[in-house]
1. If packing is taken as the average count of other Cβ atoms within 10 Å, what order do 26-36, 7-17 fall into, highest mean first?
2. With label points built 7 Å along Cα→Cβ from the Cα atoms of ARG25 and GLN45, find their separation and express it in nm.
3. Estimate the FRET efficiency between ILE79 and SER35 by the formula 1/(1 + (r/R0)^6), using the beta-carbon distance for r and 25 Å for R0, to the nearest 0.05.
4. Percent of accessible area on the chain owned by carbon and sulfur, 1.4 Å probe?
5. For the chain, just run the numbers: alpha carbon Rg, then divide by 2.2 N^0.38 Å, N being how many residues it has.
Amino acid sequence: MRDYQDIITQILNCAQRNDGLPKTRLMYEVQLSFSQVKEYLKYLQQVELLSYDEESRVFRTTRKGKNFLELYNGMAELITGCKREKYADTDNI
């Protein structure tokens, strides 16, 4: 079972790959229902961790979102004593 931090981290990781992803692709990548992904995307945009490009219709992780991922991975490493493989996508921020 995933908690909301894990879901947020997965969304941000997916959105920083391939110059952003459309909502449907994010939904499948993170394995959420349409209504769930819609709520997460709305929240992540409100707190400026994610942005939406109207022209290309994709969501992208913002600089603030990348900073969040870096901090999240650092805390996970402190707690577990090892790097979380699941969120290793932030290595090239």
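1. Working: 26-36: 14.7, 7-17: 21.5.
In descending order of packing, they fall as 7-17, 26-36.
2. 1.8
3. Working: r = 31 Å, r/R0 = 1.26.
After rounding to 0.05, the efficiency reads 0.20.
4. On the way: 3030 of 6140 Å².
Answer for the chain: carbon and sulfur cover 49 percent of the accessible area.
5. On the way: Rg = 12.7 Å, N = 93, 2.2 N^0.38 = 12.3 Å.
In units of the globular-protein estimate, the chain measures up at 1.03.
The values are calculated or read from the model by the stated rules, or taken from the named source; none is laboratory data. Nothing here was measured: the structure is a model prediction, and the numbers come from that model. Don't worry about glycine lacking a Cβ; one is built from the backbone with ideal geometry, like all the others, and counts go over all protein chains shown. Keep in mind that these areas ignore ligands, DNA and RNA; they rest on the heavy atoms of the full protein, side chains included. Shrake-Rupley method; radii C 1.70, N 1.55, O 1.52, S 1.80 Å.
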